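Trainee: Quick one: the structure is below, and I'll ask about it shortly.
Read the figures in this text as sums done on the coordinates, not as results from a lab. Note that this is a predicted model, so its numbers are computed, not measured. Positions of Cβ are generated from backbone atoms using ideal geometry, with glycine treated the same way; all protein chains shown enter the neighbour counts.
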Amino acid sequence: MTTLQEMPPVTDRPPTGTTPRGSRRRGRSFGGGGPLVYLLALAVVALTVGPVLYGALGGFRSNEQLIRDPAGLPDPWVTENYEGVVTNPDFWGYALNSTVIALITTVVAVLAGVMAAYPLARYQFKLREPLFMVFVLGLLFPVAVAIIPLFILITRDLQLGNTWWGVALPQAAFALPTTVVILRPFLMALPRELEEAAFIDGATPIGVFRHIALPLTAPGLVTVGVLAFVGSWNAYLLPLLLLQDDMRTLPLGVADYSTQYSADTAGVLAFTTIAMIPALVLFLAMQGRIVSGLQGAVKG
Amino acid sequence: MTSTGAAVAATPAAAPADPDDPGSSRWRQRLEIALFVTPALALMATFVVWPVFSAVRMSFYRWKGFGPMDDFVGLRNYERVLTDDVFKDAVLHNLTIVGLSVAVQLPLGLLLAVLLNRRIRGRGLLRTIVFVPYVLAEVIAGVVWFQLLQPRSGLVEEILTTVSITPPDQGFLGTPGLALWTVFVVLTWKYLGLAVLLFLAGLQGVPDELYEAAQLDGAGWWQVQVRVALPLLGPTIRTWAFLSMIGSLQLFDMVWILTGGGPANATTTMATYLVSQGTQRGNYGIAGAASVVLFVVAFAMALLYQVLVLRRDTAEQR
């Protein structure tokens with residue numbers, strides 16, 4: 001029987017069935033770059049970063065410049081818009097909320113995820129695969145499906161509406177399936193001898209988990225951690241329903257600001273540009289790791 | 001119990017299913033498993049499973065969000081959702097995005113991946129740049145694009161005017177016939193980088209020997225790409241298509257920011273429909289029914305995809 005469990009990216013194996021495991025693969029290919037290739041690459045770059053650059057440069061222009069010549073460069077360069085954002089206490093409030101919520105989400109998702117993945121990888125028991133299936137199926141539940149009851153549950157039943165935890169906990173829960181699915185192969189790959197040696201030295205199962213499994217899974221933890229962090233940082237729907245006023249996160253702040261000050265295009269662009277930076281820096285720094293995590297090629 | 005005894009119990013992976021294992025250590029093992037798995041299961045149960053079940057329950061009641069939920073209406077909410085033209089359009093919009101993604105983003109992503117796999121200068125930088133839009137929050141990317149697409153003052157119209165294309169009066173997002181396509185273009189901008197990166201990673205897995213052998217047999221560059229590299233990318237492509245499909249079905253953020261579902265519901269999706277029914281109109285029962293339909297559509301497509309497409313991968317691996 002074919003099961004959902006074997007569905008990539010869920011499989012324990014790299015989805016690229018032909019990938020040689022364990023060896024770090026370098027960029028090998030034949031065919032260099034003719035002028036046409038470079039031209040195409042240039043076009044791709046322009047289209048990709050164009051809108052981002054437009055936002056960043058637009059922040060350095062005045063609204064009057066933007067209207068006079070939508071495609072021009074800043075002339076003269078205006079720094080007031082950025083200064084306005086950086087001195088705006090609302091902005092820092094949003095940034096703080098985003099940071100705290102993303103940190104709670106990450107810690108909870110990674111901790112609960114690695115704990116759950118550990119027995120699913122290292123123990124033999126009857127419910128192991130069914131239990132793993134629960135997490136795999138979790139991948140298929142979009143937040144949108146549960147959003148209205150989630151909103152009621154958090155605001156009314158748990159009284160966590162408009163709080164950091166009220167957003168972070170469900171976000172962690174929705175990040176868990178990915179976390180478990182990515183971490184399990186990492187944990188499965190740990191050599192058994194290390195564990196055995198630790199047990200002979202008198203370590204408890206929890207001690208082995210903490211002192212052997214966790215440190216050795218660190219690269220995997222970083223991958224799922226970044227995914228959970230950026231996922232939470234970028235989230236919109238759940239915070240939109242749960243957070244008001246000064247509890248709002250950056251994406252909500254950006255959306256609010258852009259409707260509220262729609263006439264101040266330059267200000268909106270500056271606000272948006274600064275809000276892009278943290279996730280951009282974090283994700284780009286971790287890019288290789290994220291891709292290998294997504295690929296399921298978990299050993300490098 | 002000695003610690004070595006515990007070791008045997010705790011690492012049955014090392015000594016699988018010991019038939020002589022005394023019951024007490026097995027219970028101990030069960031306790032450990034429970035201890036490790038409980039936090040995750042509790043979170044999932046509270047914030048994923050329970051809300052999904054209550055969406056199902058909610059879908060059978062007429063409920064405005066206050067007072068007890070006691071006005072059982074059977075399948076009437078489903079009837080209303082499924083006969084609502086706005087919802088029907090929403091499903092159609094979601095399916096259009098799913099179809100367009102495969103039809104447009106797949107070939108485009110493959111082309112770029114194959115090109116970026118060539119030995120060109122600055123390849124690493126190029127790959128990073130292609131990935132930038134994927135990293136941005138949909139909302140933030142949406143706000144920038146909203147500015148770019150502003151009727152009359154936006155950069156997109158400015159550029160089109162200089163190449164003598166007349167933009168529509170209401171702008172690209174304000175014209176019902178164009179809005180969904182415009183949203184799709186922005187989504188492609190946002191998500192093409194992920195496809196390219198996944199495909200590139202897949203291409204890296206193609207063994208050099210295969211390229212060399214094909215070259216020795218006299219195959220040209222394009223021939224090698226189409227005959228050798230692409231077939232080996234099969235599993236990666238199918239994985240990407242699955243991710244893209246699930247993502248397209250729950251599309252919300254970008255639409256909400258760019259058009260809010262308008263103009264005249266031209267860009268409503270199942271998610272925007274249920275959110276506005278639930279939070280703006282207080283029709284919780286309708287929102288519940290729409291949630292269930294969204295889930296059924298997503299699940300059915302995932303299952304169908306599994307049976308029709310992904311099965312090949314599982315078979316190959318056996």
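Trainee: Let me have the 222 nm mean residue ellipticity of chain A computed from DSSP H runs of 4+ only, each contributing -39500 (n - 2.57), with the sum over all residues rounded to the nearest 500. The partial results should precede the final answer.
Mentor: Working: 14 runs with 194 residues, N = 300.
The helix contribution divided over chain A gives -21000 deg cm²/dmol.
Trainee: Give the residue from A:Asn162, A:Leu227, A:Thr217 lying farthest towards the positive end of the charge dipole for region A:158-300; charges sit on Cβ (+1 for Lys and Arg, -1 for Asp and Glu) and the dipole is referred to the Cα centre.
Mentor: Going by the charge dipole, the pick is A:Thr217.
Trainee: Expressed as a fraction of 2.2 N^0.38 Å, the rule-of-thumb size for a compact globular protein of N residues, what is the C-alpha radius of gyration of chain A?
Mentor: Details: Rg = 23.3 Å, N = 300, 2.2 N^0.38 = 19.2 Å.
Cα-based Rg divided by the globular estimate yields 1.21.
Trainee: Could you list B:Ser291, A:Ser62, A:Ser262 so that the one with the fewest beta carbons within 10 Å of its beta carbon is first and the one with the most is last? Mind showing how you got there, number by number?
Mentor: Details: B:Ser291 32, A:Ser62 18, A:Ser262 13.
Going from sparsest to densest Cβ surroundings: A:Ser262, A:Ser62, B:Ser291.
Trainee: Run the numbers on region A:188-300 and let me know its relative contact order in percent, using alpha-carbon pairs under 8 Å that are six or more apart. Provide the component values of the computation, followed by the final result.
Mentor: On the way: 51 pairs, mean separation 29.5, N = 113.
It rounds to 26 percent for region A:188-300.
Trainee: Here is a further query. Quickly work out the A:Asp90-to-B:Arg57 label distance, labels modelled 7 Å from Cα along the C-beta direction, and quote it in nm with one decimal.
Mentor: Result: 3.9 nm between the two label points.
Trainee: To the nearest 20 Debye, how big is the dipole of the protein assembly as shown about its Cα centre, given +1 on the beta carbon of each Lys and Arg and -1 on that of each Asp and Glu? Write out the running numbers ahead of the final one.
Mentor: On the way: 40 positive and 39 negative charges, 273 e Å.
Once rounded to the nearest 20, the dipole reads 1320 debye.
Trainee: For a label point 7 angstrom out from the Cα of B:Gln215 toward its Cβ, which stretches of region B:99-119 have the backbone nitrogen within less than 13 Å?
Mentor: B:118-119
Trainee: Test of understanding: extend the Cα→C-beta vector of B:Arg152 to 7 Å, then name every residue of region B:169-199 with backbone N under 16 Å from that spot.
Mentor: B:169-175
Trainee: Quick one: B:Phe47, A:Phe141, fewest Cβ neighbours within 10 Å first, how do they rank? Each step should come with its number before you reach the end.
Mentor: Details: B:Phe47 24, A:Phe141 21.
Fewest-to-most Cβ neighbours within 10 Å comes out as A:Phe141, B:Phe47.
Trainee: Which value, in debye to the nearest 20, describes the size of the charge dipole of chain A about its Cα centre when Lys and Arg Cβ atoms bear +1, Asp and Glu Cβ atoms bear -1, and nothing else is charged? Intermediate results must be reported in sequence, preceding the final value.
Mentor: Values: 18 positive and 18 negative charges, 292 e Å.
With Lys and Arg at +1 and Asp and Glu at -1, about 1400 debye.
Trainee: Of A:Leu140, B:Trp222, B:Asn94, which is farthest on the positive side of the dipole of the protein assembly as shown, counting Cα position, with +1 on Lys and Arg Cβ, -1 on Asp and Glu Cβ, and the Cα centre as origin?
Mentor: B:Trp222
Trainee: By its C-alpha gyration tensor, with a ≥ b ≥ c as the square roots of the eigenvalues, how is the protein assembly as shown shaped: rounded for a/c under 1.5, else prolate for a/b larger than b/c, else oblate? Each step should come with its number before you reach the end.
Mentor: On the way: a/c = 1.66, a/b = 1.22, b/c = 1.35.
The shape class here is oblate.
Trainee: Between B:Tyr61 and residues 5 or more places away or on another chain, which pairs have amide H atoms under 5 Å apart, with H built 1.01 Å from N, and which residues are they?
Mentor: Long-range HN contacts for B:Tyr61: B:Val73.
Trainee: Additional query: Compute the distance from the alpha-carbon center of region A:202-262 to that of region B:40-68, in whole Å.
Mentor: Taking the Cα centre of each part, region A:202-262 and region B:40-68 sit 24 Å apart.
Trainee: Using Cα pairs closer than 8 Å and at least 6 residues apart in sequence, work out the relative contact order for chain B, in percent.
Mentor: RCO, chain B: 26 percent.
Trainee: Something else: Once label points are set 7 Å from the Cα along Cα→Cβ at both B:Glu79 and B:Leu106, what is their separation, rounded to one decimal in nm?
Mentor: Taking the two extended label points, one gets 4.0 nm.
Trainee: Can you pull the one-decimal nm distance between simple spin-label points at B:Val86 and B:Thr128, each 7 Å off the Cα toward Cβ?
Mentor: Taking the two extended label points, one gets 4.6 nm.
Trainee: Please build a GNM for chain B, connecting alpha carbons under 10 Å apart, and tell me which residue among B:Leu95, B:Leu180, B:Leu232 fluctuates the most.
Mentor: In this elastic network of chain B, the residue with the biggest mean-square fluctuation among B:Leu95, B:Leu180, B:Leu232 is B:Leu232.
Trainee: Also: Using the alpha-carbon atoms, what tilt in degrees (0 to 90, nearest 10) does helix A:128-138 show relative to the longest principal axis of chain A?
Mentor: Helix A:128-138 sits at roughly 10 degrees to that axis.
Trainee: Let me know the shape class of chain B, please: from the alpha-carbon gyration tensor, a ≥ b ≥ c as square roots of the eigenvalues, rounded when a/c is under 1.5, otherwise prolate if a/b is greater than b/c, or oblate.
Mentor: Working: a/c = 2.30, a/b = 1.09, b/c = 2.11.
Since a/c reaches 1.5 but b/c is at least a/b, the shape of chain B is classed as oblate.
Trainee: Another one. Where does each of B:Lys64, B:Lys190 land when they are ranked from fewest to most other beta-carbon atoms within 10 angstrom? Don't jump to the answer; show the numbers that get you there.
Mentor: Values: B:Lys64 12, B:Lys190 21.
The order, fewest Cβ neighbours first, is B:Lys64, B:Lys190.
Trainee: Among B:Met44, A:Thr265, B:Val163, flag the residue with its Cα farthest along the positive direction of the charge dipole of the protein assembly as shown, charges on Cβ as +1 for Lys/Arg and -1 for Asp/Glu.
Mentor: So the residue furthest toward the plus end is B:Met44.
Trainee: Rounding to the nearest 20 debye, state how big the charge dipole of region B:111-198 is about its Cα centre with +1 on each Lys and Arg Cβ and -1 on each Asp and Glu Cβ.
Mentor: On the way: 7 positive and 4 negative charges, 140 e Å.
Dipole magnitude for region B:111-198 comes out near 680 debye.
Trainee: While we're on this one: Once you average over the residues of B:119-131, how many Cβ atoms of partner chains fall within 10 Å of each Cβ?
Mentor: Details: counts 8, 8, 4, 4, 4, 1, 2, 5, 4, 3, 8, 6, 6.
If you average over the peptide's residues, the count of other-chain Cβ atoms is 5.
Trainee: Once every DSSP H run of n ≥ 4 in chain B is given -39500 (n - 2.57) and the sum is divided by its residues, what mean residue ellipticity at 222 nm do you get, rounded to the nearest 500 deg cm²/dmol? Show your work: numbers first, answer last.
Mentor: Values: 17 runs with 205 residues, N = 318.
It comes out at -20000 deg cm²/dmol, rounded to the nearest 500.
Trainee: Which FRET efficiency, nearest 0.05, do B:Thr38 and A:Val222 yield, Cβ-Cβ r, R0 22 Å?
Mentor: On the way: r = 25 Å, r/R0 = 1.12.
My answer for the efficiency is 0.35.
Trainee: Tell me, what HN-Hα J-couplings in whole Hz come from the Karplus equation 6.51 cos²θ - 1.76 cosθ + 1.60 at θ = phi - 60° for each residue of region B:182-188, using x for Gly and Pro?
Mentor: For region B:182-188, the Karplus-derived couplings read 5, 4, 5, 4, 5, 4, 5 Hz, x marking Gly and Pro.
Trainee: Let me ask another. Sort region B:60-142 into rounded, prolate or oblate with this rule: let a ≥ b ≥ c be the square roots of the eigenvalues of the Cα gyration tensor; rounded if a/c is under 1.5, and if a/c is not under 1.5, prolate when a/b is larger than b/c, oblate otherwise. Write out the running numbers ahead of the final one.
Mentor: On the way: a/c = 5.40, a/b = 2.67, b/c = 2.02.
The shape class here is prolate.
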